[in-house]
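**Q** Following this message is one structure expressed as structure tokens.
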Amino acid sequence: MATAKHVLKRILMMLAGYFVSVLVGLVAVVAIYGALSSLPNAPGYFSAVGVTPIALLFLPPAAMIIYFVTIVVTALQTLIFALIAEFFSLRNFLMHMLFGAAAAAGGFAMLWPSVPEAPERWADMVIIAAAGLVAGLVYWLIAGREAGFRRPLIQRFDRA
């Protein structure tokens with residue numbers, strides 16, 4: 001019973017970590033585009049991406065659609081990465097960050113399959129992957145630090 005309880009706790013931590021990290025990743029995308037829009041010779045749409053979230057505050061259904069689309073395009077690869085981390089008890093934060101970047105880049109490639117042929121989209125891919133690094137770090141903070149379906153051994157020190 002205790003093992004089933006531990007596995008259920010780990011699954012719930014994985015879900016909570018995933019949903020929060022997707023939200024933080026989206027905020028990171030906006031912050032990165034906003035910061036890069038101030039650079040000289042930045043594409044014009046960078047500033048539009050930095051302002052759009054302010055408009056989404058007034059249209060919550062549109063923000064929820066973006067959130068759910070992000071969940072749909074990143075769910076499968078994130079599930080695979082999270083299960084690998086849980087089964088092998090991988091707790092390194094750099095690994096979770098790389099998994100987050102790979103999942104974000106994979107989701108972006110699913111939305112824009114022509115990324116390899118379009119060099120103007122490479123910058124967008126790097127920005128999304130950088131936001132995935134942030135999301136991976138947030139996932140590690142919530143669920144990855146204690147990854148592993150197996151319960152840790154409890155050491156008892158009996159005083160004799």
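**Q** Simple spin-label model, 7 Å along Cα-to-Cβ: LEU12 to MET110 in nm?
**A** Going from the LEU12 label point to the MET110 one covers 2.7 nm.
**Q** Here's something else I'd like to know. From the backbone phi of the stretch 101-113, what are the Karplus-calculated ³J(HN,Hα) couplings (6.51 cos²θ - 1.76 cosθ + 1.60, θ = phi - 60°) in whole Hz, Gly and Pro given as x?
**A** 5, 5, 5, 5, 5, x, x, 5, 5, 5, 6, 10, x
**Q** Over the stretch 16-114, with the other protein chains present, what is the accessible area per residue in square angstrom, probe 1.4 angstrom? Before the final figure, lay out each step's value.
**A** On the way: 5780 Å² over 99 residues.
Value for the stretch 16-114: 58 Å² per residue.
**Q** Please compute the Kirkwood hydrodynamic radius over the chain, one decimal place, Å, based on all pairs of different Cα atoms. Walk me through the numbers before you get to the answer.
**A** Numbers: mean 1/r = 0.0583 Å⁻¹.
Result for the chain stands at 17.2 Å.
**Q** Right, something else. At 7 Å along the Cα-to-beta-carbon direction for both GLU120 and LEU94, put a label point, then send me their distance in nm to one decimal.
**A** 3.7
**Q** Now for a separate question. Cα axis of helix 2-36 to longest principal axis of the chain: angle in degrees, 0 to 90, nearest 10?
**A** For helix 2-36, the angle is close to 20 degrees.
The values are calculated or read from the model by the stated rules, or taken from the named source; none is laboratory data. What you are looking at is a predicted structure, and each value in this text was computed from that prediction instead of being measured. For neighbour counting, all protein chains shown are included, and Cβ atoms are generated from backbone atoms with ideal geometry for every residue, glycine included. To get the accessible areas, we keep the full protein, side chains included, count just its heavy atoms, and leave off ligands, DNA and RNA. Shrake-Rupley method; radii C 1.70, N 1.55, O 1.52, S 1.80 Å.
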